[in-house]
Structure formats: C-alpha cells, structure tokens
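So the structure is just underneath, and the comments pick up after that.
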C-alpha cells in the first residue's frame with residue numbers, strides 16, 4: 001500500500017482511535033462492530049451481508065498524512081482489499097466523492113448505512129442489529145458474554161439510526177422506455193409488476209428502479225434494474241445476488257445471471273461499483289436484451305413459476 005498506515009494500537013497522529021469522541025453514537029457503534037467480529041456466529045453472517053470473503057476481518061487504522069479516512073480497513077486473504085465507511089443514515093456522497101477524488105489504497109470504499117430501506121440499496125446497520133439480536137439468542141446459553149455484547153450492539157443501532165432521506169413513489173415505466181427492446185429485456189419484471197411482486201419505486205418520475213418488494217431471504221427490497229434519469233443502467237452483480245437470494249433460488253438463477261454479467265461486463269468482478277452492482281450503458285442493455293430477458297425470466301420462474309409469459313403489461317406501462 002502506498003499510503004502509510006498507523007495501526008489502531010498506535011498513539012501517533014492527531015487523531016487516535018483510542019481517543020475518539022465516544023459521545024458520538026456512530027463512534028460507539030463502530031467500536032462495538034469492531035469487537036463483535038470476534039463472535040464467530042455473528043461475524044460469519046455479517047461478512048456475507050457485506051459481501052466479504054470467509055477470511056475477512058476489520059482493522060481500524062489511521063492513514064499517515066490524511067485527516068479523513070473511512071472507519072474500517074478490510075483484510076481478505078491477509079491483504080487489505082477495501083474500506084468501509086459507516087453512517088447512521090444514507091451514504092455520505094460528499095465524503096465518498098472526496099475519497100474518489102483523492103483515492104486511498106486500496107481505492108474501493110463500501111458504504112454501511114443506517115436503515116435497511118436506503119437510497120442505494122447498501123448493506124445496513126439495521127440489518128446487522130437484527131442479525132446480532134438473533135445470534136445473541138442462539139448463543140445465550142453457550143456464550144453469555146457474547147450475547148450481552150451483541151444485544152447491546154443491536155440496541156444501540158436501533159436507538160440511533162436515522163431514516164433514509166429517500167421518499168419513493170410507485171410509478172409507471174418512463175415514457176422513453178416504452179419501446180420494444182426494453183419490453184423484451186425487462187418483460188419478466190414487467191409481468192411481476194402485474195403480480196404486485198415487483199414495483200417501479202423511484203424518487204423522480206424520469207427514473208427507473210424495478211424492485212422486488214421483499215427479498216427472498218426476508219430482507220429488504222432490492223432493485224433488479226435501475227436507471228437514474230437518462231443515465232446508465234445498473235443491476236446487481238452475482239456477488240450481491242448470492243448474498244440476497246436464498247441458496248436454492250440462487251442455484252437456479254446463477255447460470256443465466258452469470259452469463260449476462262460476463263457478456264455485458266467482462267471482468268465484472270473487478271469493475272463493480274461500491275454497491276456491488278454492474279453499470280452498463282442503455283445501448284448495452286438494448287444490445288444484450290435477450291440475455292437480460294433470460295436472466296430476469298429465471299427470477300420470475302422462482303417467484304411465479306406458473307404465470308404465462310405473455311400476460312398484459314398495460315397497467316405498469318401506463
């Protein structure tokens with residue numbers, strides 16, 4: 001790493017993690033998350049929620065010569081691979097922009113936000129609170145100290161997270177997308193709008209966000225296809241889909257979803273955005289409409305296996 005790190009145990013530097021202001025709820029939550037990774041039953045599922053590898057762990061470090069740095073440095077396979085920036089509400093776009101303008105090493109920064117329902121579909125502290133409370137119940141008899149720490153972690157999160165600034169509305173598909181190539185690409189999702197399983201929920205009428213109303217693991221909704229305004233489309237990478245879907249469902253969806261990603265974004269594992277989503281141009285979606293159709297059909301078959309493919313789409317198309 002080109003940036004010189006100062007360990008969490010060091011007293012060097014103007015800001016030391018052992019001297020941070022514990023009056024701030026965000027700092028207290030960060031300290032507890034740092035400690036809770038020592039509870040294997042919790043950390044195993046928490047890593048999956050964050051999309052990290054099985055050997056991942058967190059360090060709290062200072063970066064020599066930089067005042068601002070994310071809350072955690074993630075190690076996978078014994079080497080630093082990314083950072084985590086934790087927030088009590090939505091992701092901090094201004095701070096993430098500063099990291100992008102003056103990249104860290106490694107450059108990737110994941111957002112861990114407060115509420116499950118959030119602007120970018122990021123991993124959330126609220127989901128971790130639910131996980132911590134459940135694991136606390138599981139280990140109450142075998143490891144009472146761990147249960148106490150996990151319960152306090154969950155309580156602290158629930159007390160201090162703030163709701164997303166996002167206020168979405170269910171909307172019709174934008175006029176510009178009422179064209180044959182889009183209906184071919186997203187037809188299966190449009191069918192699921194008719195079933196009230198998928199919703200186009202956006203802040204602006206010009207945007208698109210085709211979301212499953214609830215995750216197949218009982219988690220929050222997730223957008224399967226998004227376009228902000230007239231910009232690029234994005235959709236979940238296989239890494240994010242595997243974390244989101246039940247294992248049995250992912251096995252059915254995986255071949256078509258992986259084939260889609262390899263075709264539209266070769267080397268996608270190294271080109272995901274911070275939310276582990278794949279960004280492609282509208283022209284690429286049109287060009288690969290048939291592959292999108294197959295991938296979305298695999299989702300539809302898991303959710304509504306007996307629904308005919310040519311059902312009316314008049315309502316969702318306005």
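For the reader, a short list of remarks on this structure follows.
- Which listed residue is assigned by TED's automatic domain parsing to the domain that holds residue 280 and in a loop (DSSP other than H, G, I, E, B), from 191, 196: 196
- Residues being within 19 Å of the chain's Cα centre (by Cα) and at pLDDT 90 or above - total across the range 68-94: 16
- Condition check for residue 285: without any contact (Cβ under 8 Å) to a residue 40 or more places away in the chain and part of a helix (DSSP H, G or I): no
- Selection within the range 150-188 - without any contact (Cβ under 8 Å) to a residue 40 or more places away in the chain, closer than 19 Å to residue 113 by Cα and either in contact with a helix residue (DSSP H, G or I) (Cβ under 9 Å, 6 or more places away or on another chain) or in a helix (DSSP H, G or I) (or both): 154, 155, 158
- Reported count of residues in the range 90-116, each being buried (at least 16 other Cβ atoms within 10 Å of the Cβ) and either closer than 17 Å to residue 160 by Cβ or in contact with a helix residue (DSSP H, G or I) (Cβ under 8 Å, 6 or more places away or on another chain) (or both), is 10.
- Looking across the range 260-287, the residues that are over 20 Å from the mean Cα position of the chain (by Cα) and surrounded by 18 or more Cβ atoms within 10 Å (Cβ to Cβ) come down to 264, 285.
- Residue count, the range 242-267 (criterion: touching a strand residue (DSSP E or B) at 6+ places or on another chain (Cβ under 7 Å), in a helix (DSSP H, G or I) and at pLDDT 90 or above): 2
- Every test in (1) buried (at least 16 other Cβ atoms within 10 Å of the Cβ); (2) without any contact (Cβ under 8 Å) to a residue 60 or more places away in the chain; (3) in a helix (DSSP H, G or I) is passed by residue 131 save one, and that test is (2).
- Residues in the range 25-46 that are out of contact with any strand residue (DSSP E or B) (no Cβ under 9 Å at 6 or more places or on another chain) and closer than 14 Å to residue 127 by Cβ: 36, 42, 45, 46.
- Close Cβ contacts (under 6 Å, 6 or more residues apart or on different chains) running from residues in the range 88-105 that are assigned by TED's automatic domain parsing to the domain that holds residue 69 and under 29 Å from residue 156 (Cα atoms) to residues that are modelled with pLDDT of 85 or more and part of a helix (DSSP H, G or I) comprise 88/26; 88/160.
The values are calculated or read from the model by the stated rules, or taken from the named source; none is laboratory data. Fair warning: this is a prediction, and the values are worked out from it, not measured in the lab. For neighbour counting, all protein chains shown are included, and Cβ atoms are generated from backbone atoms with ideal geometry for every residue, glycine included.
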